[in-house]
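Colleague: Quick one: the structure is below, questions incoming.
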Amino acid sequence: MKTEKIQLDDDEEILLQVRKHWFVLCMHVISIVVLAILPLPFFGVATSSTTITKLIPINDAFVVTLYCAWLIILWMVLFSIWTNYYLDVWTVTNKRLIATDQQGFFRRTMSSFRLERMQDISVRVDGILATFLDYGTLEIQTAGEENLFKVTGIPCPADIKALIVNSSDNLMPHRSPQTQSEV
């Protein structure tokens with residue numbers, strides 16, 4: 001994954017980089033395939049129906065051209081979906097979390113927060129498929145201006161939560177337990 005754009009501190013190391021779950025991408029691709037196949041019966045009816053051809057002069061070349069234009073539009077949408085999937089990356093280091101959010105082809109937002117500013121982290125898994133395939137939503141409440149980091153469709157959200165909490169705990173100064181004489 002692309003890590004050369006991320007400026008790390010000297011003692012900072014990348015623990016994990018994660019994209020959305022493969023099933024999220026798969027569902028988008030399936031919807032595009034359905035949209036590509038859906039017009040075929042209508043084009044067949046339109047070219048064979050004498051009522052429609054009397055009203056609108058439709059020939060096979062027109063139908064093929066119209067269908068090819070539809071496929072080109074769907075191909076561009078699929079390319080946009082793939083680009084957003086591939087370039088949306090969450091990077092967890094031992095000191096901070098960096099969220100890269102691709103918004104269209106030429107706009108990207110990168111935001112980060114230090115793990116010691118984390119106040120709350122929660123995982124939500126909705127539905128039977130999300131439960132079986134182990135993907136869900138991870139929400140992190142911070143003490144900064146942008147106080148909610150949220151990513152949907154992330155794989156193994158409980159494991160990622162445990163990694164973030166563990167990294168955050170490692171940054172906190174350890175307090176020694178009070179003895180009876182100090183009380």
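The values are calculated or read from the model by the stated rules, or taken from the named source; none is laboratory data. Since we're looking at a predicted model, the values are computed, not measured. Every residue, glycine among them, receives a Cβ derived from its backbone with ideal geometry; neighbour counts consider all protein chains shown. Note: accessible area is taken over every heavy atom of the protein model, side chains too, but ligands, DNA and RNA are not part of it. Shrake-Rupley method; radii C 1.70, N 1.55, O 1.52, S 1.80 Å.
Colleague: Quickly work out the residue 141-to-residue 165 label distance, labels modelled 7 Å from Cα along the C-beta direction, and quote it in nm with one decimal.
Modeller: For the pair residue 165/residue 141, the computed spacing is 1.5 nm.
Colleague: In square angstrom, what is the accessible area per residue of segment 89-142 with a 1.4 angstrom probe?
Modeller: 54
Colleague: Which cross-chain or sequence-distant (5 or more) residues have an amide H under 5 Å from the amide H of residue 112, H modelled 1.01 Å from N in plane?
Modeller: Here the answer is 99, since their amide H atoms fall under 5 Å of that of residue 112.
Colleague: What does the charge add up to near residue 85, with Lys and Arg as +1, Asp and Glu as -1, over the other residues with Cβ less than 13 Å from its Cβ?
Modeller: 0
Colleague: Pop a pseudo-label 7 angstrom from the Cα along the beta-carbon direction at both residue 111 and residue 172 and give the gap in nm to one decimal.
Modeller: Label at residue 111, label at residue 172, 2.4 nm between them.
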